[in-house]
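A quick write-up on the structure given underneath.
The values are calculated or read from the model by the stated rules, or taken from the named source; none is laboratory data. Bear in mind the structure is a predicted one, so any value in this text is a computation, not a measurement. Here Cβ is always computed from backbone atoms with ideal geometry, including for glycine, and neighbour counts include all displayed protein chains.
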């Protein structure tokens, strides 16, 4: 199954839905991640301020991976001249 995401709010909903589809509590997921339940709750509530590594580990534990794909109609990605200027 694919979950196209454009905002951290969408990621928040997907992370919670994936965990619930596995019938896992936040505490159970936290145990597997090596964090406490409160940390899992914070990750689900605000994934935009969570490290990429932690998000990647979390989705991998639920049998998923993160993938970037080109937008329809874009031939090749364009890199920002200054990666820090978001």
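The table for this structure:
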{"read-out": "Subset of region 54-73 that is touching a residue at least 40 places away in the same chain (Cβ under 8 Å) and part of a helix (DSSP H, G or I) - its residue that is farthest from residue 4 (Cα to Cα)", "value": "58"}
{"read-out": "Only listed residue being assigned to a loop (DSSP other than H, G, I, E, B), at pLDDT 95 or above and surrounded by 14 or more Cβ atoms within 10 Å (Cβ to Cβ), chosen from 35, 40", "value": "35"}
{"read-out": "Matching entry among 19, 2 (being surrounded by 12 or more Cβ atoms within 10 Å (Cβ to Cβ) and either at pLDDT 95 or above or on the phi < 0 side of the Ramachandran plot (or both))", "value": "19"}
